[in-house]
């Protein structure tokens, strides 16, 4: 667990009574070491032990701080569980007493501190009402290289300049649900592990491996070297209907989407092997990038070759 320099005097620490009905599920150390004893009640919003959770509504601050400090925030019982199941290490957990029973197995097996706070104190620390009950500060892992992901993948999603966290989360959720094997991101894409992205994806960001392509769009050459055909999803007049390229029959396909509104850059379009579009009716000329990605993911994964 990472430690931070003191920024004040810690408030009193006293054990909080865990629910007797909470049942430990197996011997899961969640990152090594012996389980920590009881949750610690924290009364002071300025307690330095809660530093990971401060100012969660300050987007710019958290976007800079979280990657630099190697942390991300998982919000809600399902997302916390999915992060742990994916092998991420917990730094600490923050929750109110009414969630002790639901999170009892995690509390009992946790090897990181669990802080019990009132809902009012949680709101003062984070900047918003934590209605999902539990937050966990998790340790980031180093990202793999794109080339490493491409060795075993057959269906890859590629995002260029998708800087809205909601859209990133929605695309990851669709990628996971529809069987995409990996995701590649341009350098300026929003952080998939930012709290909003993780929340919208319902933890799907933990189940689909991803990498950043540091040289853009030149780094997309790695797709061609690995045997992928790169399809650019665009309303461009030169694009052909997605179903006409029979993408589901191709052995290796990468599907690239761009930012809401602006779409793919000219350089990204030039890097593609083909420009494709989703046929639409009733005068509609475009879809939200999250919805468009879901439709296209289904088109390239449904009925794909077995080998």
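Read-outs throughout are calculated quantities, based only on the coordinates presented, and are distinct from any laboratory measurement. Owing to the predicted nature of the structure, the values given are computational and were not obtained by experimental measurement. Note that we place each Cβ from the backbone using ideal geometry, even for glycine, and neighbour counts take in every protein chain shown.
Numbers for the structure displayed
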item: Between 0 and 90°, nearest 10: helix 59-69 axis offset from the chain longest Cα axis; result: 80
item: Helix-only [θ]222 nm of the chain, DSSP H runs n ≥ 4, -39500 (n - 2.57) each, per residue, nearest 500; result: -7500 deg cm²/dmol
item: Among beta bridges that DSSP assigns inside segment 57-142, antiparallel share in %, nearest 5; result: 75
item: Protection proxy ranking of 268-279, 110-121 - average other beta-carbon atoms within 10 Å, highest first; result: 110-121, 268-279
item: Order by protection proxy (mean Cβ within 10 Å, highest first), peptides 170-176, 203-209; result: 170-176, 203-209
item: DSSP bridge orientation in the chain - percent antiparallel, rounded to nearest 5; result: 35
item: Relative contact order, percent, segment 42-120 [alpha-carbon distance under 8 Å, six or more residues apart]; result: 29
item: Alpha-carbon gyration tensor eigenvalues x 5, square-rooted, for segment 96-145, Å; result: 23, 17, 9
item: Relative contact order [Cα under 8 Å, 6+ residues apart], segment 80-130, whole percent; result: 35
item: Segment 230-307: antiparallel DSSP beta bridges as a percent of all, rounded to 5; result: 10
item: Cα-based helix-to-principal-axis angle, 289-301 vs the chain, degrees rounded to 10; result: 70
item: FRET efficiency estimate (nearest 0.05) - Cβ-Cβ, residue 291 to residue 120, R0 41 angstrom; result: 0.60
item: The chain: relative contact order in percent, alpha carbon pairs under 8 Å with at least 6 residues between; result: 17
item: Protection proxy ranking, peptides 158-164, 178-184, 64-70, average beta carbon neighbours within 10 Å, highest first; result: 158-164, 178-184, 64-70
